[in-house]
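Undergrad: Sharing a structure here in structure tokens format.
Each value in this text was obtained by applying a stated rule to the coordinates, not by laboratory testing. Remember, it's a predicted structure, so these values are computed and weren't measured experimentally. Cβ: placed from backbone, ideal geometry, glycine included. Neighbour counts: every protein chain shown.
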Amino acid sequence: MAARLEGKVAVITGASSGIGRAIAERFLAEGAQVALFARNRAPLEEIAARHPDRVLAVPGDVTRAEDLARLAEQVAARFGGVDSVVPNAGVAKAVPFADSTPEAIDAQFRVNLTGAVETVRQLLPQIRQGGTVLFLTTFLTQVGFPGLAIYGASKAALKSFAQTLALELAPRGIRVNSIAPGPTETPIWGNIGLPPEALSEVAKQVTARLMPGRFGAPEDIAAMAAFLASDEARNIYGQEIVLDGGYTVA
């Protein structure tokens, strides 16, 4: 594998499983040094044990300002600067409209929007010229899906934020883009809050619209993340790249 990220430093949140972990593994394979942040300490330490010279493991929660401040301090002390910030941490819960209380809305927006934005804000002073910010949105910024209005709205807000941030940071030589994963085989799918029989039925309906005939893999998203973080993507600004197996065009 080409070492496109050799010499670069990346910070990845939600790095303990699923897409975040796949991005961490891909960035390491392409030569990067990485700071990994998540609530679950054990998987971060397992990755760090395999790459002690290139991994900083920082347990914490993106909804806690003190945890993000600690992340920024440790990154500065260990690496002295950042080339890529990937605020991947997110939650998805199925919530019918009748149950979409302010508390239910805040629970997802606090992680998916505010947590992602605050991660970048805390690390912004350390992002070097030529650096990148890569948000993770969702194919549901393109289409609706019953029960996922709060989740989709939180990610649509993040997409809009990313587009404006791209304009603000371009003069500093920092590129901002987003990846919108489609249905992907990750733990978040099983934790969405549906009973097993309903989850199975939804999976069948979704799969029928996917051109490969299967859910995507976290590694698909990681490959795109590595490209967007590399110098090969130096002319891509403010875009949302949809990787959804064709769901939104079916």
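Undergrad: Can you find, within segment 94-129, the residue that is surrounded by the most Cβ atoms within 10 Å (Cβ to Cβ) among those that are within 15 Å of the chain's Cα centre (by Cα) and among the charged types (D, E, K, R)?
TA: Top of the filtered list is 118.
Undergrad: Follow-up. Within segment 175-190, does at least one residue satisfy the condition of being in a helix (DSSP H, G or I), more than 23 Å from residue 219 (Cβ to Cβ) and under 15 Å from the mean Cα position of the chain (by Cα)?
TA: no
Undergrad: Can you tell me which residue within segment 130-164, out of those that are surrounded by fewer than 17 Cβ atoms within 10 Å (Cβ to Cβ) and not in a helix (DSSP H, G or I), is farthest from the chain's Cα centre (by Cα)?
TA: The residue in question is 146.
Undergrad: Hey, does segment 45-56 have a residue that's within 16 Å of the chain's Cα centre (by Cα) and either under 27 Å from residue 109 (Cβ atoms) or of a type in the set (Lys, Arg) (or both)?
TA: Checked against the condition, which is being within 16 Å of the chain's Cα centre (by Cα) and either under 27 Å from residue 109 (Cβ atoms) or of a type in the set (Lys, Arg) (or both), segment 45-56 yields no hits at all.
Undergrad: Out of segment 90-129, which residues are hydrophobic (A, V, I, L, M, F, W, C) and outside any helix (DSSP H, G or I)?
TA: Residues satisfying the conditions are 91, 92, 94, 95, 127.
Undergrad: Going by the structure shown, is residue 94 of a type in the set (Gly, Ala, Ser), closer than 21 Å to residue 229 by Cα and in contact (Cβ under 8 Å) with a residue 12 or more places away in the chain?
TA: Considered against the rule, which asks whether it is of a type in the set (Gly, Ala, Ser), closer than 21 Å to residue 229 by Cα and in contact (Cβ under 8 Å) with a residue 12 or more places away in the chain, residue 94 comes out as no.
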